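Novice: Attaching a single structure in structure tokens format; questions to follow.
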Amino acid sequence: MTVTDVAIVGVGKIARDQHVPAIEASGDFRLAATVSRSGGVDGVDNFATLDALLAARPDIPAISFCNPPQVRYAGARAALEAGRHVMLEKPPGASLSEVHDLAALAEARGLTLQATWHSRHAASVAAAKAFLAGRRIRLVRIDWKEDVRVWHPGQQWIWQAGGLGVFDPAINAFSILTEILPVPVHVTAAELRFPVNCETPIAAEVEMAGPRGERVLAALDFLHEGDPMWRQVVETDAGTLTLDQGGAIMSVDGGAQQGEAWSAPGIEGEYPSLYARFAELLAARTCEVDLRPMVLVADAFTLGRRVDAPAFVDPALAGDR
Ligand code: NAP
């Protein structure tokens, strides 16, 4: 089996929690370097800038971008121009047009670009898709609610334009939705609540419709205390599917649960599967760039009615203000 050297750009929460362990456990990849302003990973060659890595390490064929979406495009473009394959964390960029540009460049150079959606790799997503295939969808209710103070402490980028606010987690719901539904859906209305001191929404309601009267109602909340709620319930002409814990477990008509429940809320198992998929794409020299989840988010911003909400002060940063 060939082992491919990969470098990580941006060694923050998701890189440390998921990418580094997934690469270490993978038979397909080896973590050969990092690009980090804060030191990187112990024992791994670190560069202060991507340009420095690209110049010094032409032997590293693949680069995984784990930095915030607003700062990803220039680096991803530079990596592709330098002939490297690229994996992008979700959301794949700050705008649809920049990701289209990256996809076109990767295609033109015969390189792999993988725009990842980790939630699609949750344990019960494939089974949910199989259950819904051929069924008539009536109504999908999405509840995607978590406490930003617990899950994203100190992450200022999430409150800056392009950081998506509550849509940063909710795009995971939309990635599952677009994977499992047998019909396309489009946004018809939205209400987005922006704290008066933030550039992105802290809560939202989004309505969608399908071509034959299918409806989707999504309630998103970043101030939800206690256990997170990452659930979608799909009513069909032949049973109701509940996909819970971010796609980890499912049940039909309230029956027995299938899938792997978390020992603690998290995204266990998804990242090893993402890297296995990256290896397949590299072997096939193809790209995987499905922008449907990002289109739904962009449309919610385009159509959405904007409502003021009380100022949000991140307790992790309260001392800095
Ligand atoms: P994070 O910890 O706040 O930041 C990631 C790292 O990116 C930082 O540690 C820093 O790395 C680098 N970085 C941050 N701001 C930067 C800037 N302005 N310019 C250049 N580099 C910057 O964020 P995260 O939670 O890991 O999220 C990163 C991406 O992963 C996001 O797109 C997010 O949606 C996605 N994601 C996050 C989670 C989660 O649970 N947190 C789950 C799935 C996916 P260095 O100090 O090494 O330079």
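Novice: Can you pull out the strands (runs of 3 or more DSSP E) entirely within region 195-307 that have at least 1 residues that are more than 21 Å from residue 184 (Cβ to Cβ) and more than 17 Å from the chain's Cα centre (by Cα)?
Specialist: 203-209, 215-221, 239-244, 249-252
Novice: If a residue must be open to solvent by less than 10 Å² (accessible area, probe 1.4 Å) and either within 16 Å of the ligand (Cβ to nearest atom) or not assigned by TED's automatic domain parsing to the domain that holds residue 244 (or both), how many such residues does region 180-201 contain?
Specialist: Looking only at that region, the number is 2.
Novice: For a quick check of your reading: which strands (runs of 3 or more DSSP E) sit entirely within region 83-157 and have at least 2 residues that are within 21 Å of residue 185 (Cβ to Cβ) and open to solvent by 40 Å² or more (accessible area, probe 1.4 Å)?
Specialist: Numbers: elements: 85-88, 113-115, 137-145.
Ranges flagged: 137-145.
Novice: While we're on this one: Confirm whether residue 38 is part of a loop (DSSP other than H, G, I, E, B), surrounded by fewer than 20 Cβ atoms within 10 Å (Cβ to Cβ) and either more than 12 Å from the ligand (Cβ to nearest atom) or not assigned by TED's automatic domain parsing to the domain that holds residue 162 (or both). Reasoning before the result, please.
Specialist: Values: part of a loop (DSSP other than H, G, I, E, B): yes; surrounded by fewer than 20 Cβ atoms within 10 Å (Cβ to Cβ): yes; either more than 12 Å from the ligand (Cβ to nearest atom) or not assigned by TED's automatic domain parsing to the domain that holds residue 162 (or both): yes.
The answer is yes for residue 38.
Novice: Do you know which residues across region 1-16 are near the ligand (Cβ under 7 Å from one of its atoms) and open to solvent by 30 Å² or more (accessible area, probe 1.4 Å)? Walk me through how you get there before you give the answer.
Specialist: Taking region 1-16 as the starting set, the residues that turn out to be near the ligand (Cβ under 7 Å from one of its atoms) are 10-15.
Passing the criteria: 12, 13, 14.
Novice: I'd like to check something: does region 168-179 contain any residue that is open to solvent by 40 Å² or more (accessible area, probe 1.4 Å) and either part of a strand (DSSP E or B) or touching a residue at least 12 places away in the same chain (Cβ under 8 Å) (or both)?
Specialist: First pass over region 168-179, keeping only residues open to solvent by 40 Å² or more (accessible area, probe 1.4 Å): 179.
Pick out the ones that are also either part of a strand (DSSP E or B) or touching a residue at least 12 places away in the same chain (Cβ under 8 Å) (or both) and you get 179.
Checked against the condition, which is being open to solvent by 40 Å² or more (accessible area, probe 1.4 Å) and either part of a strand (DSSP E or B) or touching a residue at least 12 places away in the same chain (Cβ under 8 Å) (or both), region 168-179 yields at least one hit.
Novice: Can you name the condition, by its number, that residue 29 falls short on among (1) surrounded by 20 or more Cβ atoms within 10 Å (Cβ to Cβ); (2) more than 15 Å from the ligand (Cβ to nearest atom); (3) without any contact (Cβ under 8 Å) to a residue 40 or more places away in the chain?
Specialist: Of the numbered conditions (1) surrounded by 20 or more Cβ atoms within 10 Å (Cβ to Cβ); (2) more than 15 Å from the ligand (Cβ to nearest atom); (3) without any contact (Cβ under 8 Å) to a residue 40 or more places away in the chain, the odd one out for residue 29 is (3).
Novice: Tally time: how many residues in region 61-80 are more than 15 Å from residue 51 (Cβ to Cβ), more than 12 Å from the ligand (Cβ to nearest atom) and among the small types (Gly, Ala, Ser)?
Specialist: Total meeting the criteria: 1.
The values are calculated or read from the model by the stated rules, or taken from the named source; none is laboratory data. The structure presented is a predicted model; accordingly, all values stated were derived computationally and were not measured. Cβ sites come from the backbone with ideal geometry, for glycine too, and all protein chains shown count toward neighbours. Note: areas computed on protein heavy atoms with side chains; ligands, DNA, RNA excluded. Shrake-Rupley method; radii C 1.70, N 1.55, O 1.52, S 1.80 Å.
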